[in-house]
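The values are calculated or read from the model by the stated rules, or taken from the named source; none is laboratory data. What you are looking at is a predicted structure, and each value in this text was computed from that prediction instead of being measured. Here the Cβ is made from the backbone with ideal geometry for all residues, glycine too, and neighbour counts use every protein chain on show. The area values use the complete protein model at the heavy-atom level, side chains included, leaving out ligands, DNA and RNA. Shrake-Rupley method; radii C 1.70, N 1.55, O 1.52, S 1.80 Å.
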Amino acid sequence: MSARPFSSILDALTRQRWVTAALVVSERDGIVVESNLQIGQSGDRVAALAASLYRKARLSARAAGLGAVSFMQLEAPGGRICAVGGGDLVLVVVAEPAVNVGLVRVELLRAVAELLAVGGEVA
Amino acid sequence: MQMTVVEAWIEGPLKRFVVDAGAELALLLHPSGQVLAQHGFARAVDVMSACALAAGIHASSSELGRQLDGRPFRGLHHAGRTRQIFLAEAQSPRGAFVFLTVFGQESSLGLVRLYFEELVNGLAAAAPPVEAITGPALAEHFERDLNRNLAVLFGRA
């Protein structure tokens, strides 16, 4: 088994223009499983907060009868955080404000199937 | 549930931790087992038991770490079915403290670790000057100090 089972997914995401970080995070624990980060970025911090946010969004959507969350986006003056969930894992992307969100969304949704497949193998 | 502290400077950083991390229980103690602050406990006897157990676990896991890895383990996490425990040493200008917290499904280990780092920084910033420190816990005063701290925490001082 590879030491970096999610590297192809993360590499595909960080190849996107203006994407600065991509992480696979455990939704329950908020711990980084694997990440592509730039120097100076705090993966642990982003992972803990993004997983918590995604989990709350998922629970809120379910409580409101909206069904499963497919894609979550947080927009802030300094950039964006996008996330999708697959099983117990969350795929998180951190990007600059100029990023093409549509493209990132397509890439993330495409990556979910692969995430589930690799996650199942790892488990 | 009310938070109570033996020394006032601990309250701010600990309150922030409890709110931000969504902790159900929190306990700050001296490695000897002397309680310094608590959140979420209803009875003095529960605090006393938790302090004794936390100090014992901290001492044995530190020694285990030293023997296995040449240095003490930094933190300990146990995930139960509905609640989880996080126990770690918090270094401060006033020496080392032991921190124990219990959290449920609305929080996560990642959040607890993140806000624990902020708690350590907050305690370091809020700690009074070193010269104001009272003496170390001595064996002959242990029970007296423990009872005094519990009395302060549970309003019987």
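Give me the residue from segment B:63-113 that is among the β-branched types (V, I, T) and within 14 Å of another protein chain (Cβ to nearest Cβ) and, out of that set, farthest from the chain's Cα centre (by Cα).
In the first step, residues of segment B:63-113 are kept if they are among the β-branched types (V, I, T); the result is B:82, B:85, B:98, B:101-102, B:112.
If we keep only those that are within 14 Å of another protein chain (Cβ to nearest Cβ) too, we end up with B:82, B:85, B:112.
Values: B:T82: 21, B:I85: 12, B:V112: 13 Å.
Only one residue tops the list, namely B:T82.
Considering segment B:108-134 alone, what residues qualify as being at pLDDT 95 or above and among the polar types (S, T, N, Q)?
The answer is B:S108, B:N121.
How many of the residues in segment B:16-40 are within 13 Å of the chain's Cα centre (by Cα) and either part of a loop (DSSP other than H, G, I, E, B) or of a type outside the set (A, V, I, L, M) (or both)?
Looking only at segment B:16-40, we keep the residues that are within 13 Å of the chain's Cα centre (by Cα), and these are B:17-18, B:23, B:25-40.
Right, trim to either part of a loop (DSSP other than H, G, I, E, B) or of a type outside the set (A, V, I, L, M) (or both) and you get B:17, B:30-34, B:38-40.
Looking only at that region, the number is 9.
For the list (1) under 18 Å from B:Q38 (Cβ atoms); (2) open to solvent by 50 Å² or more (accessible area, probe 1.4 Å), I need the number of the one condition that B:P93 fails.
Tallying (1) under 18 Å from B:Q38 (Cβ atoms); (2) open to solvent by 50 Å² or more (accessible area, probe 1.4 Å), B:P93 fails exactly one: (1).
Spot the failing condition for B:L53; the list is (1) at pLDDT 95 or above; (2) assigned to a strand (DSSP E or B); (3) open to solvent by 30 Å² or more (accessible area, probe 1.4 Å); (4) out of contact with any His (no Cβ under 8 Å at 6 or more places or on another chain), and only one is missed.
Evaluating B:L53 over (1) at pLDDT 95 or above; (2) assigned to a strand (DSSP E or B); (3) open to solvent by 30 Å² or more (accessible area, probe 1.4 Å); (4) out of contact with any His (no Cβ under 8 Å at 6 or more places or on another chain) leaves (2) as the failure.
State all residues of segment B:3-33 that are open to solvent by less than 10 Å² (accessible area, probe 1.4 Å) and either without any contact (Cβ under 8 Å) to a residue 60 or more places away in the chain or more than 24 Å from B:Q105 (Cα to Cα) (or both); if no residue qualifies, say none.
B:I10, B:L29, B:G33
Of (1) touching a Ser or Thr at 6+ places or on another chain (Cβ under 9 Å); (2) modelled with pLDDT of 90 or more; (3) of a type outside the set (S, T, Y), B:A137 satisfies all except one. Which?
Among (1) touching a Ser or Thr at 6+ places or on another chain (Cβ under 9 Å); (2) modelled with pLDDT of 90 or more; (3) of a type outside the set (S, T, Y), the lone unmet condition for B:A137 is (2).
Looking only at strands (runs of 3 or more DSSP E) that fall completely inside segment A:5-99, which ones have 3 or more residues that are more than 12 Å from every other protein chain (Cβ to nearest Cβ) and open to solvent by less than 70 Å² (accessible area, probe 1.4 Å)? Spell out the reasoning first.
Numbers: elements: A:19-26, A:32-36, A:72-76, A:79-86, A:89-95.
Where strands (runs of 3 or more DSSP E) fall fully within segment A:5-99 and carry at least 3 residues being more than 12 Å from every other protein chain (Cβ to nearest Cβ) and open to solvent by less than 70 Å² (accessible area, probe 1.4 Å), they are A:19-26, A:32-36, A:79-86, A:89-95.
Applying the selection to segment B:41-50, what residues are surrounded by 13 or more Cβ atoms within 10 Å (Cβ to Cβ) and in a helix (DSSP H, G or I)? Explain how you work it out, then say what you get.
Applying the first criterion (surrounded by 13 or more Cβ atoms within 10 Å (Cβ to Cβ)) to segment B:41-50 yields B:41, B:44, B:46-48, B:50.
Correct list: B:A44, B:D46, B:V47, B:M48, B:A50.
Pick from B:G65, B:G104, B:G95: which is closer than 18 Å to B:A26 by Cβ, of a type in the set (G, A, S) and out of contact with any Gly (no Cβ under 6 Å at 6 or more places or on another chain)? Talk me through it step by step, then tell me what you get.
Details: B:G65 fails: closer than 18 Å to B:A26 by Cβ; B:G95 fails: closer than 18 Å to B:A26 by Cβ.
Unique residue meeting the criteria: B:G104.
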